[in-house]
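FYI, it's all coordinate maths here, none of it is from the lab. Predicted model only: the values in this text are computed from it and were never measured. Cβ sites come from the backbone with ideal geometry, for glycine too, and all protein chains shown count toward neighbours.
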Amino acid sequence: MTSVPGDHGKKVTGSLVHDFQTVKQLMMKRRQFFLIMVFFLLLSHPAWAEAQQPVTAAPPLDDQTSGPVDANPVDPFDDELEDPFAKEDDVLQTVADPIAGFNRVMFTFNDKLYFWVLKPAAIGYRTVVPTPVRVSVKNFFFNLLMPIRLVNCLLQGKVKAAGGELGRFFINSTVGLAGFLDPAERYPELNPPPEDLGQTLGYYTVGNGIYIVWPLFGPSTLRDTMGSIGDWAMNPVSFMQLVNVDAGALTSGTTNAVAYGVQTVNDTTFRIGDYETLKNAAMDPYEAFRNAYIQNRISKIAQ
Amino acid sequence: MLPDRIDNSSKKPGLPVDNRKRDAAWEDIMILKTISAALVMFLLMLMPASAGPTDPMTTIKGPIDSVIVILNDPQYKTAGTKVTQRNQIWKTVKPIFDFNEISRRAVARNWKAFSNTEKAQFIDVFADFLGNTYIDKIQGEYHNEKIVYLGQDFYSDEYAEVKTQILRETLEIPVYYRMRKHNDGSWRVYDIIVEGVSLVKNYRTQFASILEKETPAQLIQRLNEKLAKQNKSLSENG
């Protein structure tokens, strides 16, 4: 567990070194970041090794007539010659799911939670709260969580994106009245793709580990769960709690939970119907959402 | 040849031919000729790159714009017109999709386990099922979303990706159309990638796990049942 064996280990160290060479401005902080990264890499290693299994287990193309059909086949159409958009990492779109039993129960639980609680709440909220207000609430939370995106841009050596995050934060916090408005919206360079710690880990070739469906929080993987915990610590309110700043009501657990609830309901109002469509379009909704989650994360890591 | 013509045109009765005038006219003609030749050259150069209907982006833009017109058409705002509107939309968009290729790619390696009849049945039912699902979605929830065409990438003469974005209130949803050029020169869609999720690959995992336990005929049966259910609820809500 303390060593990173094999080719993948080399890849990880290789990209780290390459990355840090390009980010000379981060000289001071890089040692700390490196330690954090190594810590996460070590933590995730066993699961990550497991995640590679289905890939290597997939039978070669010529062998497909004999033996059982793999659930996640290496597809001949993803061959470079057939489909130039196919990339090597298409193979990695599979994820180990050893706790599928638990996950399916949680998927059903979240599904009921959506239809019985979240969706009615969001529809009610949408009828009462006009669109500009909902947009402002969304902007406010997005602006507040800038540190998470900034740190992850820097961790990935995306200096330009980090500059964009900072620029947007300063414009929207001032001209945008504490982030409720989004005057930075029209400048593409101030709107880099949002980064999170799960993506950062993925950027350093940390594998998904296993697929986990959390009650309330929904689909994730071991890697992305650890990422979310790290991101949570960088959320300004939890950060204040962690470093024992007592800001009274602001840092209370209740405030935190209410804020999360409001944010979730508010964000859902913009997406009502999307979940239903993907579910209706699926032959097996559980598998459809698992695959969609993994594909979506891969595309975000690639950005 | 040209100077003769000018001679003829300027030789109007009663007017003597002025040599200097004739030279000036000749010069004008030469300039015009050069400009028109350059124009033709320019147009010829332009043609292969963006030849109207064979351009991937134009191929999908036309039908998508028509769908938005149909969605906004007041004649479909009254009750009982939903099925007509759906059929109208389906007729508009169906030709831009290559359901043969979509099916083949979604079933992937199991495709060879299908007989020719089963292949044809599968393509038909899968096409209708996809059509129903997504038309139902846009019919139910179209709120003046705008479609932005970001551009098209050619990966070869045969493959292209058209990048679009759906703008909804505060959300930007990236939708990429992957297209292949057919022998007749037409471009058709073989996969749609929404927020990084490929539709074909999403079905591929689902079909693969069903076909692990069931026969192609049973999968077709399942799709037929889902389609029948969809049609029933659509006509009831029509």
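Descriptive notes on the structure:
- Inter-label distance, nm, simple model (7 Å from Cα along the C-beta direction), B:ASP153/A:ASN256: 4.1
- Neighbour-count ranking [beta-carbon atoms within 10 angstrom, fewest first] of B:LYS91, B:LYS82, B:LYS77: B:LYS77, B:LYS91, B:LYS82
- With both labels modelled 7 Å from their Cα along Cα-to-Cβ, the A:LEU177 to B:THR78 distance reads 4.5 nm.
- As a length-normalised measure over Cα pairs under 8 Å and 6 or more apart, the relative contact order of the range B:56-237 settles at 24 percent.
- Partner shielding of B:171-178 amounts to 2, given as the average count of beta-carbon atoms from other chains within 10 Å of each residue beta-carbon.
- Here the contact order of the range A:84-197, divided by its residue count and restricted to Cα pairs under 8 Å and six or more residues apart, works out to 23 percent.
- The phi-based Karplus calculation (6.51 cos²θ - 1.76 cosθ + 1.60; θ = phi - 60°) puts the 3J(HN,Hα) values of the range B:162-176 at 9, 9, 10, 9, 9, 9, 10, 6, 10, 9, 10, 9, x, 10, 10 Hz, whole numbers, x for Gly and Pro.
- Computed from the C-beta positions of B:VAL175 and B:ILE29, the FRET efficiency with R₀ = 35 Å rounds to 0.10.
- Spacing of the modelled spin labels on B:ASN100 and A:LEU242, each 7 Å from Cα toward Cβ, amounts to 5.7 nm.
- Listed residue (B:TYR142, B:ASN224, B:GLY80) projecting farthest to the positive dipole end of the range B:56-237, Cβ model: B:ASN224
- Pairwise FRET efficiency - A:ALA121 versus B:GLN221, Cβ, R0 = 35 Å, nearest 0.05: 0.35
- Orientation-averaged projection of the range B:88-238 equals 10.4 nm² [convex hull of Cα atoms, one quarter of hull surface area].
- Taking every residue in B:130-137 and counting other chain Cβ atoms within 10 Å of its Cβ, the average works out to 3.
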